[in-house]
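Since the structure comes first, as structure tokens, the remarks are kept for the end.
The values are calculated or read from the model by the stated rules, or taken from the named source; none is laboratory data. None of these values were measured; they are calculated from a predicted model. We place every Cβ from the backbone using ideal geometry, glycine too, and count neighbours over all the protein chains shown.
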Amino acid sequence: MDLILWRHAEAREAKPDEDDLERPLTARGERHAERMAHWLNRFLPDSTRVLVSPALRARQTADALGKKLRVLDALGPAATPTQLLGAARWPDSREPVLLVGHQPSLGRLIALVMGGQVETDGPAWTIRKGAVWWLRHRVRGGVPDVVLVSVHSPDRV
């Protein structure tokens, strides 16, 4: 199973008394989302499920793909790795899954599946704004394995 993690692109700072979930992308964030969407659309299988945080910045990032997506409250900024993996149905899903979410949640998920980190509030691997990490779960000789397929940031595609 392929699990693709996309951290939302750059969003503007919150205004006083503004709900964090309503912060939009900056103009730079919009350009970065478009750039990463272009790269993703070259490689994503048609069967990929796109699951997105309810935060405006994540929805705007995912909208750049121009694909059908599903917004899930469980992918919000405070999501745990367990919630993210449950939403993706990792590692048992038959189709690839693209999660569009937040740091440190996505970084903690990577720490868990790549490094065995189990604490939900433990250290998170750093994911740059707008970057994509592509992971693959496979079984070789009866042994499950996680492979880092690709890491791309909007500055490098």
Item to check | Candidate set from segment 5-35 (those that are surrounded by fewer than 19 Cβ atoms within 10 Å (Cβ to Cβ) and within 26 Å of ALA111 (Cα to Cα)); member that is modelled with the highest pLDDT | outcome: LEU21
Checklist entry - When segment 78-109 is examined, which residues are found to be within 10 Å of ASP2 (Cα to Cα) and hydroxyl-bearing (Ser, Thr, Tyr)? => result SER93
Next on the checklist: For segment 1-46, which positions are among the small types (Gly, Ala, Ser) and under 17 Å from the mean Cα position of the chain (by Cα)?
Outcome noted: ALA9, ALA11, GLY29, ALA33, ALA37
Item to check | Residue identified as more than 21 Å from ARG156 (Cβ to Cβ) and in contact (Cβ under 8 Å) with a residue 60 or more places away in the chain among ASP92, ASP73, ASP17 | outcome: ASP92
